[in-house]
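Notes to accompany the following structure.
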Amino acid sequence: MSPVNLSLPVAIGWYHAGFDYIEDIISFLDGKDVTWKDFGTFSTDSVDYPDFAHPVAYAVENKKASFGILICGSANGVAITANKHQNIRAAVCWEEEIAELARKHNNANVICVPARFVREGLVEKMIEIFMHTDFEEVCHRIRVEKIACPASQHA
């Protein structure tokens, strides 16, 4: 698989701790002519992160979105939630090199950003890298294929 296929919209979900990033990320995506679908939240009121992480993961999993962006305070909760879905590889990214390696080595399809630990401007750089980095399939395909947990092996 090459860089992310952007023929589908990007699925976006926000925790109230990441609400301040919404306008910048949407403006960034619009500036790149990338379509997006916002799964909320829609205010700074406290919310439960699974309420928007699951819809983002479903959209990516069901090929209704090219990839997902999840923003929350630490990014751990949204990553854990998204990774409950088969074929979702959600990666917590806090710097450019991590975003690049998440795509290159893990074929990540959801980038999870810890808003409390990432400065403004860096989020857009990480998304840009995430969108345009190739998966190094020759080196890492077999490893990525082993990520799924087949039920038959654990019965």
Taking Cα pairs under 8 Å and at least six residues apart, what relative contact order does the range 10-154 come out at, in percent? 23 percent
Kindly put R119, R103, R89 in sequence by how many other C-beta atoms sit within 10 Å of each C-beta, fewest to most. R119, R89, R103
On full extension of the chain, what length is gained from F42 through E97, given 0.36 nm per residue of separation minus the C-alpha to C-alpha distance? 16.8 nm
Contour excess over end-to-end distance, with Cα ends at D30 and K64 and 0.36 nm allotted per residue: 10.4 nm
Using only helices, what value at 222 nm comes out for the chain when you add -39,500 (n - 2.57) per DSSP H run of length 4 or more and divide by the total residues, to the nearest 500 deg cm²/dmol? -11500 deg cm²/dmol
Which of D30, D38, D134 moves most in a GNM of the chain, Cα contacts under 10 Å? D30
Taking only the Cα positions of the chain, the convex hull volume per residue in Å³ is 103 Å³
Nitroxide proxy distance, nm - points 7 Å out along Cα→Cβ at K125 and L6: 1.9 nm
Given the options I98, A17, V34, identify the residue whose Cα lies farthest towards the positive end of the charge dipole of the range 10-154 (+1 on Cβ of Lys, Arg; -1 on Cβ of Asp, Glu). I98
Which aspartates and glutamates does K37 reach when only Cα atoms under 14 Å apart count, and residues fewer than 8 places away in its own chain are ignored? E23
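All of the numbers you see were taken from the coordinates with simple rules; none came from a lab. As the structure is a computational prediction, the values presented were derived from the model and not from experiment. Every residue, glycine as well, gets a Cβ built from its backbone with ideal geometry; the counts of neighbours run over all protein chains shown.
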